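What follows is a set of notes on a single structure, which appears directly below.
The values are calculated or read from the model by the stated rules, or taken from the named source; none is laboratory data. The shown structure was predicted, so the numbers you read here are calculated from the model rather than taken from an experiment. Glycine also receives a Cβ, built like all others from the backbone with ideal geometry; neighbour counts cover every protein chain displayed.
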Amino acid sequence: METEKITWHDKHLKSLTFGDRLSDAVANGMGSWRFIIIQTVFVIIWMSLNVIGFIHHWDVYPFILLNLIFSTQAAYAAPIIMMSQNRQSKRDRQQAQEDYQTNIDAKQEIEALQTHLTAIEIQKLDKIIILLEEMKKNTG
């Protein structure tokens, strides 16, 4: 039966808290074209309704309420995105360490194989020398 090896990525995913997952989801969402398009449509609708609104202008030019909404969004978005970036840096360092260890292990295996192959070559050469010496004795 083959056992399943747990990778560094699996360990990392298991260590994430709800807040970690939430901040990653927010950062991924805010860093997408979908978010930019939705926010742009929202701004256009907001401004249009307040500029050409016939009945009620709840946020007249210069759109102070809209600016307040964006300021609040930015105040929360910046630290959330920074948390996600810090975790990405930690993941990158962890992956680099795992890659380094894999390279060290591979180097040791290659060196062991090279040593073994050298020993086999020496044994072959020894046998050839013995055979040649026996042939020389038999012919001479």
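Summary table
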| item | result |
| --- | --- |
| Subset of region 32-61 (residues that are modelled with pLDDT under 90 and touching a Phe, Trp or Tyr at 6+ places or on another chain (Cβ under 9 Å)) | Leu49, Asn50, Val51, Asp59 |
| Single residue of region 79-115 satisfying the filter (hydrophobic (A, V, I, L, M, F, W, C) and out of contact with any helix residue (DSSP H, G or I) (no Cβ under 7 Å at 6 or more places or on another chain)) that is surrounded by the most Cβ atoms within 10 Å (Cβ to Cβ) | Met82 |
| Near pairs, Cβ below 8 angstrom, 6+ apart or cross-chain, from region 51-75 (within 30 Å of Ser23 (Cα to Cα)) to any residue that is of a type outside the set (Lys, Arg) and assigned to a helix (DSSP H, G or I) | Phe63/Trp46; Phe63/Met47; Phe63/Asn50; Leu66/Val43; Leu66/Trp46; Leu66/Met47 |
| Verdict on Thr139 being surrounded by fewer than 10 Cβ atoms within 10 Å (Cβ to Cβ), more than 26 Å from Ala25 (Cα to Cα), among the polar types (S, T, N, Q) and without any contact (Cβ under 8 Å) to a residue 24 or more places away in the chain | yes |
